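Here is the structure we will look at, set down as structure tokens.
The values are calculated or read from the model by the stated rules, or taken from the named source; none is laboratory data. In this text, all values refer to a predicted model and were calculated from it rather than measured experimentally. So basically every Cβ, Gly included, is an ideal-geometry build from the backbone, and we count neighbours across all protein chains shown.
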Amino acid sequence: MHRKPLVIANWKMNLDLSQVERFFQQFTVSDDVLKKLEVILCATLVHLERVQRLVGSRAIAVGAQNVFWEDRGAFTGEVSALQLADFGCRYVLVGHSERREHFQETDGVVGKKVRQALQRGITPVICLGESYEEKEAGDTKRVVQNHVRACLEGFEPRDIAKVAIAYEPVWAISTNVHNVDGKADSPKSAQVVHKLIRRLVAEIATSTIAEDIGILYGGSVTPETVGGFAAMDDIDGVLVGGASKEAASFQKIVMEFIKQKKL
Ligand code: PGA
């Protein structure tokens, strides 16, 4: 098993520049720690270059929150994988539930974006998960299965080996209307879904690829809850929204993750 844990901050459309700068002043995780896992900061587009500069030579990766499926052309307001790769962006979130909800992104669109990111050497982090209504209807397995199959359809196993998957039950995301209390999924039930995703990847690609692929949990992860998720065999990382905005809490999440996984 070669999977390197990923701890991703998804700042969404939140921080302003002074807050980004303050984050870097306060995020003091050592280089030794950063060797043990991949810390990725997904900033808003206009901040990416500044974030890259603030990272400097530290082993912290920069990620985008979205990408378009063509390299260039008349697509006002979009950004391409070519442009992201140009300045060293190494990861991109694709198919986040907020994009699916507000921008009508389907699995078909997600697939096109994944292809484009891979072509430019950027790791797509494919986000998927069931809605509150789907969970209540007992449909989690079927929905997740459909997402995984549809997003990975038509890809060669060697391409699938280069993606990461984030299971984010939509109802557990702290900005979700059904989640005013900021409640995460339980680690045990997340583990069941992660195991299912790994089994599906084995069916679609190969079992070796399924063993190596990073599957992350996202949805109301905090310094207090991250340990429970990290303790699960098939949870290889976390995608953190709200609790990543402050350096202190994101740093605690990184340290707690390392501790639980005994890295
Ligand atoms: P949250 O966001 O940690 O605030 O729930 C996670 C996400 O939406 O990626």
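Points to keep in mind about this one:
- For region 152-165, the criterion of being modelled with pLDDT under 95 and part of a helix (DSSP H, G or I) is satisfied by at least one residue.
- Any hit, region 67-84, residues being more than 16 Å from the ligand (Cβ to nearest atom), assigned to a helix (DSSP H, G or I) and touching a helix residue (DSSP H, G or I) at 6+ places or on another chain (Cβ under 7 Å): yes
- For residue 51, the test of being out of contact with any Gly (no Cβ under 6 Å at 6 or more places or on another chain), surrounded by 14 or more Cβ atoms within 10 Å (Cβ to Cβ), in contact (Cβ under 8 Å) with a residue 60 or more places away in the chain and not in a strand (DSSP E or B) is failed.
- Among the residues of region 26-48, those identified as under 26 Å from residue 107 (Cα atoms) and part of a strand (DSSP E or B) are 40, 41, 42.
- The condition (being modelled with pLDDT of 95 or more and touching a Gly at 6+ places or on another chain (Cβ under 9 Å)) is satisfied by just one residue among 98, 78, 105, 70: 105.
- Residue in region 185-194 that is at pLDDT below 95 and either more than 12 Å from the ligand (Cβ to nearest atom) or not hydrophobic (A, V, I, L, M, F, W, C) (or both) present: yes
- Within region 128-135, the presence of at least one residue that is on the phi > 0 side of the Ramachandran plot, out of contact with any Cys (no Cβ under 8 Å at 6 or more places or on another chain) and buried (at least 22 other Cβ atoms within 10 Å of the Cβ) is confirmed.
- Lone qualifier among 102, 147, 96 - being within 16 Å of the ligand (Cβ to nearest atom) and over 22 Å from residue 193 (Cα atoms): 102
- Of the residues examined, residue 57 is not one that is crowded, with 20+ Cβ neighbours inside 10 Å, hydroxyl-bearing (Ser, Thr, Tyr) and out of contact with any Phe, Trp or Tyr (no Cβ under 6 Å at 6 or more places or on another chain).
- Scope region 105-133; condition charged (D, E, K, R), more than 16 Å from the ligand (Cβ to nearest atom) and not in a helix (DSSP H, G or I); matching residues: 120
- Any hit, region 174-182, residues being farther than 30 Å from residue 78 by Cα and of a type in the set (D, E, K, R): yes
- The one condition in (1) of a type outside the set (A, V, I, L, M, F, W, C); (2) within 16 Å of the ligand (Cβ to nearest atom); (3) within 15 Å of residue 165 (Cβ to Cβ); (4) part of a helix (DSSP H, G or I) that residue 217 fails to fulfil: (4)
- Tally, over region 63-91, of residues that are among the hydrophobic types (A, V, I, L, M, F, W, C) and within 19 Å of residue 53 (Cβ to Cβ): 6
- Test result for residue 162, more than 10 Å from the ligand (Cβ to nearest atom), exposed (fewer than 15 other Cβ atoms within 10 Å of the Cβ) and of a type outside the set (Val, Ile, Thr): no
- Only a single criterion out of (1) outside any helix (DSSP H, G or I); (2) closer than 28 Å to residue 117 by Cα; (3) modelled with pLDDT of 95 or more; (4) within 13 Å of the ligand (Cβ to nearest atom) is not satisfied by residue 253, namely (1).
- Looking only at region 90-104, residues that are crowded, with 20+ Cβ neighbours inside 10 Å and more than 14 Å from the chain's Cα centre (by Cα) come to 1 in all.
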